[in-house]
Amino acid sequence: NAPEDQADKLLLASWGLPKAVLEKYHSLGVVRMFEWQAECLMLGQVLEGKNLVYSAPTSAGKTLVAELLILKRVLETRKKALLILPFVSVAKEKKCYLQ
């Protein structure tokens, strides 16, 4: 469990995302993140655009961390982002998902 002062950071609604984005995640059953995901987002100056290198097993939730970082950065700076994915099938899935 997350420490009491960080428990709200596990909720996606705590990260300043627009309502439409939160509703999309909620429709997919994603309301909270894992403690390690929130820790990644709170490390150093990651939210200000500094680099982050992290590793986790397949299907552990790495993509959510990347998506949240990209979304926050795009929304705050009003600049475009480039998301590189390893497979065409994943790219097609994310294209539909992120639209």
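The values are calculated or read from the model by the stated rules, or taken from the named source; none is laboratory data. This is a predicted model, so every value here is computed, not measured. Cβ sites come from the backbone with ideal geometry, for glycine too, and all protein chains shown count toward neighbours. Heads up: the accessible areas ignore ligands, DNA and RNA and are worked out on the full protein's heavy atoms, side chains in. Shrake-Rupley method; radii C 1.70, N 1.55, O 1.52, S 1.80 Å.
Summary table below
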{"item": "Flag if E76 is loosely packed, with under 13 Cβ neighbours inside 10 Å, more than 23 Å from D8 (Cα to Cα), acidic (D, E) and out of contact with any Asp or Glu (no Cβ under 6 Å at 6 or more places or on another chain)", "result": "no"}
{"item": "Cβ-Cβ under 9 Å pairs, at least 6 apart or on other chains, the stretch 62-84 side under 13 Å from A38 (Cα atoms) and among the charged types (D, E, K, R), far side at pLDDT 90 or above and outside any helix (DSSP H, G or I)", "result": "K62/Y54; K62/S55; K62/A56"}
{"item": "Subset of the stretch 1-56 [farther than 13 Å from L71 by Cβ, at pLDDT below 90, open to solvent by less than 50 Å² (accessible area, probe 1.4 Å) and not in a helix (DSSP H, G or I)]", "result": "A2, G49"}
{"item": "Residue identified as assigned to a loop (DSSP other than H, G, I, E, B) and open to solvent by less than 90 Å² (accessible area, probe 1.4 Å) among A81, A66", "result": "A81"}
